[in-house]
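Q: Can you read through this structure? Questions will come right after.
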Amino acid sequence: MKVLLATMSLVIGGAETHIIELALELHRRGVDVSVASSGGVYVADLEKAGIPHHSVPMDKRRISSMLKSYFLMRKIIKREKPDIVHGHARIPNFICGLLHKTLKFKFVTTAHWVFEVGGGLRYLTNWGEKTIAVSEDIKQYLIDNYGTPPNDIFITINGIDTDKFSPNTPADTVISEFGLDPEKPIICNVGRLDDTTSGSGAVSRMLIDIAPELHNHLPGVQILIAGAGNIYDELEAKADAVNASTGMNTVTMTGARTDINQILSTCDVFVGVSRAALEAMAATKPLIAAGNEGFLGLLTPDKLETAVGSNFTLRGCGKTTRELLLAELTGFFDNVSAEERISLGNFGRELILRDYSVSRMADDSILAYDAVLRRRYNVVMSGYYGFKNAGDEAILQSFYRNIQSSSDDISITVLSSDPEDTKARYGYASVERFNILRVVHAIRRCDVLVSGGGSLLQDFTSTRSLIYYLLIIWAAKKMGKKVMIYANGIGPVSKKSNRRRVRKVVSRADVITLRDSASLDELHAMGVVREDMRVTADPVFTISGVPCEEARRLLAENGVPEGAFIAVSIRPFSAFRDVQNTDFCQKIASVCDSVIETSGRHVVFVPMQAGKDIPISRKVQGIMKNPSYILERRFSAEELMGIVGQADFMLAMRLHALIFAAKMNIPFAGLVYDPKVAALSETLSMPSAGDVSDLDTGSTLEIITDMLAQREHYSDVLKRASEKLELAAREDSALLLKLLRDD
């Protein structure tokens, strides 16, 4: 493998050290590695190991420097022909991202820090085909701010060379060079001396500011600050002033150094964050975690989770102040015994040996390289997503999981009405479904557009909805993309003009699967003549409900008392847009009251789409004579399925409420407001509770009574039927995978 690492510079800094250690480890493993940067003190380490370095001024934002860097990198990449270009900072990533479009190399990046995204800066950052994040919070930053698909992000650590940074490293050379007294307290601070959040300049400045007070409290104390940056001259002047006032070298500024391991070996305690903090821990030095982004104080085992959560940057850990820093340092030397210091040092080294090795860091990078070198497929998922409908969210979850379990070579982008909610709730990469530019961009990048599942192609809701889904399919075909109609329910489509539209667009799809035979008949009736159309099943048959204990806990938390109950799921429908429709609500209330009175069971209303289903459920509840319960919280599909699984019976209009019941082997009767409800009932050999437009309460009650009496029989029927449908539903992901892989 041939890898080109691209970064801004190789001066003293955590990211720069990360890159050097990665380059050296890859080189040791036989990878043909080279580095491009503006240069710096670490170039000598590369040259000593025989790793080529290309000088490119990628550390400057000037247009002239960036243009020069663009052409230099273009020349290097065309000449060297690397298998992987691995970018490590905003400017190199931007330049390499531009070149990636024309030179078509495989492009990986590492996110070492979080950047500003306002003022168009978001568009000057390219995160490549795969991104390696050095902490979980940086991964979330990439998802939130750049829409990076979670499956395209790898988590790594700042790997530390534990042979180089160890308690056995001699300190004599540094002590002699700077005239340090090893019998007096020595405090070390290492990092980039900038005022940026990624630098350590603010804490270095505080150390110098409190040096006179430390000197008064700890006579002879010595502060050793290693690093360079844009405030080095300022800090050096302050250090000279402190030394003049104390009459000794209280503060020593070393400048940029490559022998950080020897610098660290001199100290009693280290003050800092990020990679330098990890290096100090590897050298068995107690750590006072303090940085430009936060303060944690003396690192003890009880604070470890907080430190690890931000990759030792301390983002979100309060603010470092001179008062906190002074109190922590004086407290350390006053109160922490020699034995405790040794214990803290050993604790730190054991952590580094276990979780922060250079070998693991290289392994993580190679995983990303391997992933990007494989063929990667992009799928765009179009459907009724982002509307907080539990049934359609269940479709999305089942589709996503089935595809991801079939192959880890597939990334998925969801067209959602509420992409922020879809991302936050499920972690899926999402695009606003009515943002034309973003939708077109997503489709243009994809290999296959998947339209499904659910009843997307129908004009029962509105012609506008039908045209939207047809336009998405049409646009994908216009761009030369493959299209799969995925486990769709078709119809009803009443208008002749709409039937013609469906026939013309659907006929162009590459693969068509349908969730029931009635949908196949409907397409045939519209004139779609295809021998390859096949009936599979709704993808929701492939997911499972939460365990019984969790479902019971959820019921209790939502005010449902213990005891047997029937679940009821109703919704408004076209026959009565107004949820105040008295006739239907009174009939359902009458049925529910009768069930309570004759069977002694509770009634629990299960809204599938809260905004629509809760108002009508409340209306029915208000008419009922007996108490009932409504699950008003928003649940996941698995939670709702688990809750339904605790019921003795389900009476429902919502198709996916019935599917939830079927999957959990709970007998049900469908209230038919749409042909799809009757079709599912017929497929699963379950009786219909009647048409909602003309509901016969006596007949409905008889059906419920009979099914409760023969509950075990109906459960067995559902078990056999739903197992077959689950197998059929899994065919869809196999067909999609075949479509992706067939050139």
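The values are calculated or read from the model by the stated rules, or taken from the named source; none is laboratory data. Since the structure is predicted, the reported quantities are computational estimates derived from the model, not experimental observations. Glycine also receives a Cβ, built like all others from the backbone with ideal geometry; neighbour counts cover every protein chain displayed. Just the protein is used for accessible areas: all its heavy atoms, side chains included, with ligands, DNA and RNA removed. Shrake-Rupley method; radii C 1.70, N 1.55, O 1.52, S 1.80 Å.
Q: Name the residue that is farthest from Asp152 (Cα to Cα), counting only residues in region 400-445 that are among the polar types (S, T, N, Q), open to solvent by less than 30 Å² (accessible area, probe 1.4 Å) and in contact (Cβ under 8 Å) with a residue 40 or more places away in the chain.
A: Top of the filtered list is Asn402.
Q: Moving on. Failed condition for Leu5, given (1) over 30 Å from Asp195 (Cβ atoms); (2) surrounded by 24 or more Cβ atoms within 10 Å (Cβ to Cβ), with all others met?
A: (1) is the only condition that Leu5 fails.
Q: Could you look through region 310-331, keep only residues that are part of a helix (DSSP H, G or I), touching a residue at least 12 places away in the same chain (Cβ under 8 Å) and open to solvent by 40 Å² or more (accessible area, probe 1.4 Å), and pick out the one that is farthest from Asp195 (Cα to Cα)?
A: Checked region 310-331; the qualifying residue farthest from Asp195 (Cα to Cα) is Glu328.
Q: Among the residues that make up region 712-720, is at least one of them at pLDDT below 95, open to solvent by less than 80 Å² (accessible area, probe 1.4 Å) and in a helix (DSSP H, G or I)?
A: no
Q: I'd like the residue in region 721-743 that is in contact with a helix residue (DSSP H, G or I) (Cβ under 7 Å, 6 or more places away or on another chain) and over 28 Å from Asn665 (Cβ atoms) and, out of all such residues, is surrounded by the fewest Cβ atoms within 10 Å (Cβ to Cβ).
A: Of everything passing the filter in region 721-743, Leu737 is surrounded by the fewest Cβ atoms within 10 Å (Cβ to Cβ).
Q: Scan region 109-118 and tell me whether some residue there is open to solvent by 40 Å² or more (accessible area, probe 1.4 Å) and either over 25 Å from the mean Cα position of the chain (by Cα) or in contact (Cβ under 8 Å) with a residue 40 or more places away in the chain (or both).
A: So far as region 109-118 goes, yes, one or more of its residues are open to solvent by 40 Å² or more (accessible area, probe 1.4 Å) and either over 25 Å from the mean Cα position of the chain (by Cα) or in contact (Cβ under 8 Å) with a residue 40 or more places away in the chain (or both).
Q: Could you say which residue among Gly454, Gly480 is outside any helix (DSSP H, G or I) and crowded, with 23+ Cβ neighbours inside 10 Å?
A: Only one candidate qualifies: Gly454.
Q: Which of the residues that make up region 233-256 are within 13 Å of Asn189 (Cβ to Cβ) and either assigned to a helix (DSSP H, G or I) or of a type in the set (Val, Ile, Thr) (or both)?
A: Leu235, Ala239, Val251, Thr252, Thr254
Q: Please verify whether region 464-473 includes one or more residues that are in a helix (DSSP H, G or I), out of contact with any helix residue (DSSP H, G or I) (no Cβ under 9 Å at 6 or more places or on another chain) and open to solvent by 50 Å² or more (accessible area, probe 1.4 Å).
A: Within region 464-473, one or more residues are in a helix (DSSP H, G or I), out of contact with any helix residue (DSSP H, G or I) (no Cβ under 9 Å at 6 or more places or on another chain) and open to solvent by 50 Å² or more (accessible area, probe 1.4 Å).
Q: I'm told Thr700 meets every condition in (1) free of Cβ contacts under 8 Å to residues at least 24 places away in the same chain; (2) crowded, with 19+ Cβ neighbours inside 10 Å; (3) not aliphatic (A, V, I, L, M) except one. Can you identify the failing condition by its number?
A: (1)
Q: Give the residue, chosen from Val439, Val414, that is aliphatic (A, V, I, L, M), in contact with a strand residue (DSSP E or B) (Cβ under 7 Å, 6 or more places away or on another chain), at pLDDT 90 or above and not in a helix (DSSP H, G or I). Steps first, please.
A: Numbers: Val439 fails: not in a helix (DSSP H, G or I).
Of Val439, Val414, the one residue that is aliphatic (A, V, I, L, M), in contact with a strand residue (DSSP E or B) (Cβ under 7 Å, 6 or more places away or on another chain), at pLDDT 90 or above and not in a helix (DSSP H, G or I) is Val414.
Listed here are the residues, each with its yes/no results for (1) small (Gly, Ala, Ser); (2) touching an Asp or Glu at 6+ places or on another chain (Cβ under 7 Å); (3) open to solvent by less than 20 Å² (accessible area, probe 1.4 Å); (4) at pLDDT 85 or above.
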position	(1), (2), (3), (4)
Gly120	yes, no, no, no
Phe178	no, no, no, yes
Leu193	no, no, yes, yes
Val203	no, no, yes, yes
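Q: If you don't mind, there's one more thing I want to ask. For region 257-300: of the residues being of a type in the set (D, E, K, R) and open to solvent by 20 Å² or more (accessible area, probe 1.4 Å), which is farthest from Val203 (Cα to Cα)?
A: Only one residue tops the list, namely Asp259.
Matching residues to (1) of a type in the set (Gly, Ala, Ser); (2) surrounded by 16 or more Cβ atoms within 10 Å (Cβ to Cβ):
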| position | (1), (2) |
| --- | --- |
| Ala211 | yes, yes |
| Gly220 | yes, no |
| Gly227 | yes, yes |
| Tyr232 | no, yes |
| Ala239 | yes, yes |
| Val242 | no, yes |
| Gly247 | yes, no |
| Gly255 | yes, no |
